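K.L.:
My questions will all concern the structure given below.
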Amino acid sequence: MRRHTQSALVCLILFLGAGLAANADSAEAWGASKMSPDSDSAPPSATPLKIPVKDPVSVPSAFAKPILQRPSKTDSQDLHHGAINRTVDALSPPANISASADAVEAFRETKPRLILALSGGGCKAVAEIGVLRSFEQHGIKIDGIVGTSMGSTVGALYCAGVSVDDIEKMYLDDSMQNAMLKGAIWSVVTSPIKPLTYLFKGRPYAGITSGNGYLKLLQSKLPAKFSDLKIPFAAVVTNLTDGETTALASGDLPRSVLASNCVPTLYRPMMLNGKLYVDGGLKANLPSTIAQGMGADIVVAALVDTAIKPVANRQFKSKKNLMMRVMDIMLANADKQQAHASDILIYPDVDFVPGMTKDRDILKRGIAAGQKAADTVASRIKAELLALDRSKGVNPNQLVEIPSKQVDSEDSKASPE
């Protein structure tokens, strides 16, 4: 019975995109996600309010208040380290949700018109497969993809030239889900004897599993390096050491994608070039601001979060429902800000899809929901791209090339309304 309970908890915390886990060890990750603002701009420093006085008035010195000056850089540093009263900047490092210099350069070399931002969300992200299928059918060319967590997996596969049908098959035949969970159950079962192995191998970074099963799947489907991709791609990750969130677009592609999926306490953090990375969803589950910084003319974002709606209080007698509700609220709050940073938002209703499932019917419905949602904004996307091409003197009637096939449908030839 205990084993089944532990297995259920593993499935629960897997790939919910926020990098939040359902146990006491993840409290710090929860705090980091909640405390860090999801914005490109750094938080303002705390400065005493100065109220202007219209008429000069003589105030007795006994009642006069000292004038508060803005803290100098040195003073600010003192307030950060061991002072009695600190500034708000001491709460967490200034928000740095941006792409690395290599990532920006890789994207801007292609002069992208449209960049697609794919959110995390576990198996809810199958809706993004439907979004990609809709783009192909409408002849919408994607010039680059930025993905977080499961959105990173879907995006990397597509940019590598894996067809939409083949990506869909990986979820419907359970090969993706099995790779995600490989080693997790065994790790939980053998946890009582693990301290003995630490005596010989040393203690690894915290996490139920290393994610090697998932990594092997990624290595079998993806090229070794970002530079070998057919479409520019960036994986969003969070640096545990300094708390900054960034996008990787160079180096080891499969390991970078796994790092973007490393839900804290479930997967061990991924070490890349001396830096320790976990799920990018801690600050940028929907990486719209990062996509904006890649030089795109248009950023289309695909979001698969659960919508926050009133529910019966009796549901929260279940620990599972309580934990899921808390994570949904935190995700929705952060991603709503990121959604505003996109030019066009695709937000299908996939509330019925669990974070982890092998139910083929549910997965198919989720994919269909993503395609239908994308279909509703396809004409708007094409209209904006057409206007952009005309402003640059580009012939809008040329064929649009996409990774898996070439589309020249009647819909793609028609003038937008």
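K.L.:
Gly295 passes all but one of (1) under 11 Å from the mean Cα position of the chain (by Cα); (2) open to solvent by 20 Å² or more (accessible area, probe 1.4 Å); which number fails?
P.N.:
Condition (1) is where Gly295 drops out.
K.L.:
Here's a follow-up. With Asp349, Asp305 as the choices, which residue is at pLDDT 90 or above, open to solvent by less than 50 Å² (accessible area, probe 1.4 Å) and among the acidic types (Asp, Glu)?
P.N.:
Of the residues listed, the single one that is at pLDDT 90 or above, open to solvent by less than 50 Å² (accessible area, probe 1.4 Å) and among the acidic types (Asp, Glu) is Asp305.
K.L.:
Could you list, in sequence order, all residues of the stretch 352-371 that are open to solvent by 30 Å² or more (accessible area, probe 1.4 Å) and small (Gly, Ala, Ser)?
P.N.:
Within the stretch 352-371, Ala368 is the sole residue that qualifies.
K.L.:
What are the pairs with Cβ atoms under 8 angstrom where one residue, in the stretch 294-316, is more than 14 Å from Ile329 (Cα to Cα) and the other, located anywhere, is buried (at least 24 other Cβ atoms within 10 Å of the Cβ) and aromatic (Phe, Trp, Tyr)? Sequence gap at least six, or different chains.
P.N.:
Cβ pairs passing all conditions: Met294/Phe107; Gly295/Phe107; Ala296/Phe107.
K.L.:
Related question: Report, by residue number, each residue of the stretch 260-299 that is in contact with a Leu (Cβ under 7 Å, 6 or more places away or on another chain) and within 14 Å of Gly151 (Cα to Cα).
P.N.:
Listed by number, the residues that qualify are Val263, Asn285, Leu286.
K.L.:
Among the residues of the stretch 227-245, what is the count of those that are more than 21 Å from Val164 (Cβ to Cβ) and of a type in the set (A, V, I, L, M, F, W, C)?
P.N.:
Residues flagged as more than 21 Å from Val164 (Cβ to Cβ) and of a type in the set (A, V, I, L, M, F, W, C) within the stretch 227-245 amount to 3.
K.L.:
Pick from Leu181, Leu172, Leu217: which is within 27 Å of Lys283 (Cβ to Cβ), at pLDDT 95 or above and of a type in the set (A, V, I, L, M, F, W, C)?
P.N.:
Exactly one residue qualifies, and that residue is Leu217.
K.L.:
On to the next question. Does the stretch 129-149 include one or more residues that are within 23 Å of Leu253 (Cβ to Cβ) and without any contact (Cβ under 8 Å) to a residue 60 or more places away in the chain?
P.N.:
Looking through the stretch 129-149, at least one residue is within 23 Å of Leu253 (Cβ to Cβ) and without any contact (Cβ under 8 Å) to a residue 60 or more places away in the chain.
K.L.:
Among the aliphatic types (A, V, I, L, M) and over 14 Å from the mean Cα position of the chain (by Cα), is that true of Ala307?
P.N.:
The answer is yes for Ala307.
K.L.:
Any residue at all in the stretch 248-258 that's crowded, with 20+ Cβ neighbours inside 10 Å and modelled with pLDDT under 95?
P.N.:
There is at least one residue in the stretch 248-258 that is crowded, with 20+ Cβ neighbours inside 10 Å and modelled with pLDDT under 95.
K.L.:
Does Pro396 qualify as being over 16 Å from Leu303 (Cβ atoms), outside any helix (DSSP H, G or I), open to solvent by 30 Å² or more (accessible area, probe 1.4 Å) and modelled with pLDDT of 90 or more?
P.N.:
So Pro396 fails the test.
K.L.:
Ok, one more. Determine whether the stretch 297-308 contains at least one residue that is acidic (Asp, Glu) and in contact with a Pro (Cβ under 9 Å, 6 or more places away or on another chain).
P.N.:
Yes, because at least one residue in the stretch 297-308 is acidic (Asp, Glu) and in contact with a Pro (Cβ under 9 Å, 6 or more places away or on another chain).
K.L.:
Quick one: would you say Lys283 is among the charged types (D, E, K, R), more than 23 Å from Ser134 (Cα to Cα), in a helix (DSSP H, G or I) and within 15 Å of the chain's Cα centre (by Cα)?
P.N.:
When the stated conditions are applied, Lys283 passes them.
K.L.:
I would also like to ask the following. Please find, within the stretch 259-276, the residue that is modelled with the lowest pLDDT out of those that are open to solvent by 10 Å² or more (accessible area, probe 1.4 Å) and either of a type in the set (A, V, I, L, M) or not in a loop (DSSP other than H, G, I, E, B) (or both).
P.N.:
Filtering first and then ranking leaves Pro264.
K.L.:
Can you spot a residue in the stretch 201-213 that is open to solvent by less than 80 Å² (accessible area, probe 1.4 Å), part of a helix (DSSP H, G or I), at pLDDT below 95 and more than 24 Å from Ala117 (Cβ to Cβ)?
P.N.:
Checked the stretch 201-213: at least one residue is open to solvent by less than 80 Å² (accessible area, probe 1.4 Å), part of a helix (DSSP H, G or I), at pLDDT below 95 and more than 24 Å from Ala117 (Cβ to Cβ).
K.L.:
Which one of these does Met327 not meet: (1) open to solvent by less than 20 Å² (accessible area, probe 1.4 Å); (2) assigned to a helix (DSSP H, G or I); (3) within 26 Å of Lys141 (Cβ to Cβ); (4) not charged (D, E, K, R)?
P.N.:
(3)
K.L.:
If Leu217 passes every condition in (1) assigned to a helix (DSSP H, G or I); (2) open to solvent by less than 20 Å² (accessible area, probe 1.4 Å); (3) aliphatic (A, V, I, L, M) but one, which one does it miss?
P.N.:
Unmet for Leu217, out of (1) assigned to a helix (DSSP H, G or I); (2) open to solvent by less than 20 Å² (accessible area, probe 1.4 Å); (3) aliphatic (A, V, I, L, M): (2).
K.L.:
Taking only the stretch 221-244 into account, find how many residues are more than 14 Å from Arg255 (Cβ to Cβ) and either over 15 Å from the mean Cα position of the chain (by Cα) or open to solvent by 10 Å² or more (accessible area, probe 1.4 Å) (or both).
P.N.:
Qualifying residue count for the region: 12.
The values are calculated or read from the model by the stated rules, or taken from the named source; none is laboratory data. For clarity, every value in this text was computed on a predicted model and none was experimentally measured. Heads up, the Cβs are rebuilt from the backbone with ideal geometry, glycines too, and the neighbour counts pull from every protein chain shown. Each accessible area value is taken on the protein alone, full model and side chains, heavy atoms only, with ligands, DNA and RNA left out. Shrake-Rupley method; radii C 1.70, N 1.55, O 1.52, S 1.80 Å.
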